[in-house]
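*Asks:* One structure, pasted below without further comment.
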Amino acid sequence: MLKFLSYCLYCTVISGLCYSPLIMAQDNSSNPTERTITLKLPPKDLAKWYKPANKRQVWLHTMFRLRRELLAMNDYARQNQQAGLEKWSDKFAKDYLSIAQMMPQWEKYLYPEKLKMLTKAVKSRQYTEISAILKKLGKSCRTCHDDYQTVATLLFRTPDFSRETVTVKTSGEELDYDELMALLSDSLNRVNIAIKDKYFNKAVTALTPVKQYLNDLSSTCSHCHKQDNIPVKRIMSEADSLLPELEQYLNKQDQRQAGGKLGEFAVKVCARCHSVHRLTSDLKSVIE
Ligand code: HEC
Ligand code: HEC
Ligand code: HEC
């Protein structure tokens, strides 16, 4: 059940999809069994600081620097190391203020007066004050992260499968990912049903489309996995060894072992890809 309301999105919590604190789950008093979540979407302008609009992941790298700068300042303050402290607090001030330069809409998350206190404490070598000021500045990080971090990661940094298509070799058809997945799932279930009902020959025949669709699917992985081909190889080599083993058990009419192999295949081939790609793809399609 989805209801879009300006920039906010409400949807029922499906168990396991609740990432706190980004998603604020509340009991709905009129129907206590139905809980509601609210997600804030970042302003569209944030895309300017990510690929492909930008050459680099500018926003993310600013964030990594901020975390490093906080750590360096904390450590140097504890060691009373003035030169290091000055160097990293200058960098920090620049990066912290750049947040509002990149995203003026988010200026309200920044604490410029705390930044002034920090600069003053650094200049006057008040080392013991620094960690308390940094803690307060850290609160401005957390407030914005609670509101936007996970959604921004999903929107700008997770692979987009909605535009991926798969060519089915046997028919020449171009299918969307979810269409191919439906075929793959049905063909796998036909094998499962045949095993359960002890039609072993039928199960062997039903394996052919599973292999074909998986083959069609595997040719799409390289669209993104150009250099990092290892996860794809790992998954596909599982398929290459498990399917012949399954076939052997089917030929031996060993229902228990065949059922076990089929389950192993579903985990090592389907679920291992789903845990990284389907979950994020589904979440992304909900918020886009
Ligand atoms: C890329 C790795 C990958 C592999 C390997 C994979 N899937 Fe998927 N699967 C996805 C993605 C991504 C989606 C979400 C697609 C979408 O919604 O556009 C998905 C969605 C699905 C869906 C839901 C389709 C829908 O209509 O929402 C089913 C069912 C499914 N996969 C079954 C399978 C089965 C069965 C296997 C193993 C034989 C498998 N998948 C292997 C990535 C994969
Ligand atoms: C106005 C909003 C905002 C403020 C303020 C902010 N951040 Fe972020 N930060 C984000 C968003 C949005 C992301 C998600 C970026 C992504 O995943 O691509 C993020 C992600 C991060 C990450 C990446 C985490 C990871 O491993 O993926 C780090 C580290 C980080 N921020 C550090 C900081 C620090 C330290 C501060 C405070 C000094 C800070 N941020 C202030 C919005 C903000
Ligand atoms: C639209 C681009 C895209 C496509 C298509 C794609 N991947 Fe990925 N895949 C990625 C990215 C990017 C990562 C790195 C993790 C992340 O950002 O989610 C990744 C990570 C993975 C991982 C987890 C990393 C690891 O080391 O275990 C697995 C497994 C994986 N992909 C399998 C596949 C398989 C199998 C296919 C084809 C059936 C496929 N992917 C197709 C973009 C894609």
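The values are calculated or read from the model by the stated rules, or taken from the named source; none is laboratory data. Model, not experiment: these values are computed from the prediction. Quick reminder, even Gly has a Cβ in these numbers, built from the backbone with ideal geometry, and neighbours come from all protein chains shown.
*Asks:* Give the stretch 241-258 a look and list any residue that's more than 13 Å from ligand 1 (Cβ to nearest atom) and under 32 Å from the mean Cα position of the chain (by Cα), or say none. Give the steps one after another, and end with the answer.
*Replies:* So the first thing to find is which residues in the stretch 241-258 are more than 13 Å from ligand 1 (Cβ to nearest atom), and the list is 241, 244-245, 247-258.
Result: 241, single match.
*Asks:* Here's a follow-up. Given (1) free of Cβ contacts under 8 Å to residues at least 12 places away in the same chain; (2) among the basic types (Lys, Arg); (3) away from ligand 3 (no atom under 15 Å from the Cβ), identify the lone condition not met by residue 163.
*Replies:* Answer for residue 163: the failing condition is (3).
*Asks:* Let me ask another. Consider residue 168 carefully, then state whether it is away from ligand 1 (no atom under 12 Å from the Cβ), surrounded by 13 or more Cβ atoms within 10 Å (Cβ to Cβ) and over 22 Å from residue 279 (Cβ atoms). Let's see the steps before the verdict.
*Replies:* Working: away from ligand 1 (no atom under 12 Å from the Cβ): yes; surrounded by 13 or more Cβ atoms within 10 Å (Cβ to Cβ): yes; over 22 Å from residue 279 (Cβ atoms): yes.
When the stated conditions are applied, residue 168 passes them.
*Asks:* Residues of the stretch 268-277 being more than 8 Å from ligand 1 (Cβ to nearest atom) and surrounded by 14 or more Cβ atoms within 10 Å (Cβ to Cβ), which ones?
*Replies:* 268
*Asks:* For residue 198, state whether it is among the basic types (Lys, Arg), in contact with a helix residue (DSSP H, G or I) (Cβ under 9 Å, 6 or more places away or on another chain), in the same structural domain as residue 173 (by TED's automatic domain parsing) and assigned to a helix (DSSP H, G or I).
*Replies:* Against the criterion (among the basic types (Lys, Arg), in contact with a helix residue (DSSP H, G or I) (Cβ under 9 Å, 6 or more places away or on another chain), in the same structural domain as residue 173 (by TED's automatic domain parsing) and assigned to a helix (DSSP H, G or I)), residue 198 does not qualify.
*Asks:* If I filter the stretch 208-230 down to residues being without any contact (Cβ under 8 Å) to a residue 24 or more places away in the chain and either within 16 Å of ligand 2 (Cβ to nearest atom) or assigned to a helix (DSSP H, G or I) (or both), which single residue comes out as surrounded by the most Cβ atoms within 10 Å (Cβ to Cβ)?
*Replies:* Residues of the stretch 208-230 without any contact (Cβ under 8 Å) to a residue 24 or more places away in the chain: 208, 218, 221-222, 225-230.
If we keep only those that are either within 16 Å of ligand 2 (Cβ to nearest atom) or assigned to a helix (DSSP H, G or I) (or both) as well, we get 208, 218, 221, 230.
Values: 208: 12, 218: 15, 221: 18, 230: 9.
Checked the stretch 208-230; the qualifying residue surrounded by the most Cβ atoms within 10 Å (Cβ to Cβ) is 221.
*Asks:* Applying the selection to the stretch 169-197, what residues are more than 16 Å from ligand 3 (Cβ to nearest atom), touching a residue at least 24 places away in the same chain (Cβ under 8 Å) and closer than 16 Å to residue 263 by Cβ?
*Replies:* From the stretch 169-197, those more than 16 Å from ligand 3 (Cβ to nearest atom) are 170-173, 186, 189-197; that's our starting set.
Applying the additional criterion that residues be touching a residue at least 24 places away in the same chain (Cβ under 8 Å) yields 170, 191-192, 195-196.
Matches in the stretch 169-197: 191, 192, 195, 196.
*Asks:* Filter the stretch 242-288 down to the residues that are of a type in the set (S, T, N, Q) and assigned to a helix (DSSP H, G or I), then identify the one that is farthest from residue 204 (Cα to Cα).
*Replies:* Initial filter on the stretch 242-288 (of a type in the set (S, T, N, Q)): 248, 251, 253, 255, 257, 275, 280-281, 285.
Checking the rest, the ones that are also assigned to a helix (DSSP H, G or I) come to 248, 251, 255, 257, 275, 280-281, 285.
Working: 248: 9, 251: 8, 255: 12, 257: 14, 275: 28, 280: 33, 281: 32, 285: 36 Å.
Per the stated criteria, the residue is 285.
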